[in-house]
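Readers should treat all values here as calculations from the given coordinates under stated rules, not as data from a laboratory. Remember, predicted model here, so these are calculated numbers, not experimental data. In this analysis, Cβ positions are derived from the backbone assuming ideal geometry, glycine residues included, and neighbour counts consider all displayed protein chains.
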Amino acid sequence: MTSATFFKNNGPLTLGKIAEILTIEIPAEYDDKVLISNIQTMHKAGPDDICFFYDKKAKEQASAIKARVCVTTKELASFVPQTTMVLTSDAPKRSFLTLISAFYEEYRPAVGISPKASIASTAKIGQNVYIGDFAVVEEGAEIGDDCRIEPGAYIGRHCQIGQRCRIGAGAYVSYCVMGNDCYIYSGARIGCDGFGFETINGRHVRIPQVGRVIIGNDVEVGANTCIDRGALDDTVIGDGCRIDNLAQIAHNDKLGRGCIVVAQTGIAGSCTFGDYVVCGGQTGFADHLTIGSGAQIAAQSGVMRDVEPGAVLLGTPAVPFKDFMRQVAFLQKNSKK
């Protein structure tokens, strides 16, 4: 079984077609009618394949390339064996993304609503929508044009889903207003109760969570990630955010545009992020923090105070990069005494 079992391969493509897709030139001595069947890694590529070489750390391994064609930079081209045709790109990683999208096509189910799905009579379904087996769309919900609601997904009452959105198998969306071009991965939970309790006479009493989740355009939410609805105000995910698998975003959090939240990050309630904040894996945030635009938080850091725009922090408690390195140097020096 190969990847072709799961993805449609649009190859073989001629070298000329590949160069056209990547908008790069073919050296005059190369035959533009050479056929390429697959994209492979540097290590696996064979005589019918194309590979991409853009990591300087792999220079020593480049001599073992057996691909018919390799796309790389001018700087790294000399490390590729002469038996391999070389195409140079200013941004080979970006070229890889472009070509793999052209070469391989993910399976797309036919438009239509499965007779096994449960669609409320008051729900509004747009044009060219796919709704799979055992999906549920509750009363008053609105699904925009060209959406894909996969098997077992749940869309709660009065939710609004924009155009060209994909709701993965088994995903749960409630109390949510979502923009266009969003992808909610399988198993994600959007709009569940926030974790809010008040201890009264020794008993933890749940605080009603009456806010919503507002998701902008072009947002991806990873598998089994949870985004809680607001307690009173809304939880907001800005345009272009990318949230990895197994993250927790609590009630009333607000993420600006283009934020990246990597797996197992936990953001406590009522935090406000600026634009393009990056959170490494397993980072943790105390509640009611303000994280400035462009801040970068290293993996496994614990953030307990507000963060200035553009700051680079790591450690627990998280401190600026230079301070962290001084702490490490101090400990290494004094632990030897």
Candidate aspartates and glutamates for bridging to Lys33, where Cα separation is under 15 Å - those fewer than 8 sequence places away on the same chain excluded: Glu20, Glu25, Asp48, Asp49
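Rounded to a whole number of µm²/s, how large is the Stokes-Einstein D of the stretch 259-330 at 10 °C and 1.306 mPa s, given Rh as the Kirkwood radius over C-alpha pairs?
Values: Rh = 11.8 Å.
D = 135 µm²/s.
Which of Asp228, Asp323, Asp48 has the fewest other C-beta atoms within 10 Å, and how do the rest follow up to the most?
Details: Asp228 25, Asp323 13, Asp48 16.
So the ranking, lowest neighbour count to highest, is Asp323, Asp48, Asp228.
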q = 0.16, 0.19, 0.21 Å⁻¹: log10 I(q)/I(0) that the Debye formula gives for the stretch 159-232, counting C-alpha atoms only: -0.57, -0.72, -0.83
Candidates Asn217, Asn38, Asn180, ranked by Gaussian network fluctuation over the chain, Cα under 10 Å, top entry: Asn38
GNM top mover of Ala231, Ala64, Ala120 - the chain, alpha-carbon springs below 10 Å: Ala64
Kirkwood Rh in Å, taken over the stretch 3-106 so that all alpha-carbon pairs contribute: 13.6
Solution diffusion estimate, µm²/s, Stokes-Einstein, the stretch 171-321, Kirkwood Rh from C-alpha pairs, 4 °C, viscosity 1.567 mPa s: 86
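Defining a contact as two alpha carbons under 8 Å apart and six or more residues distant in sequence, what relative contact order in percent does the chain show? Mind showing how you got there, number by number?
Values: 943 pairs, mean separation 22.0, N = 337.
In percent, rounded to a whole number, it is 7.
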Radius of gyration, Dmax [the chain; alpha carbons; angstrom]: 24.5, 84
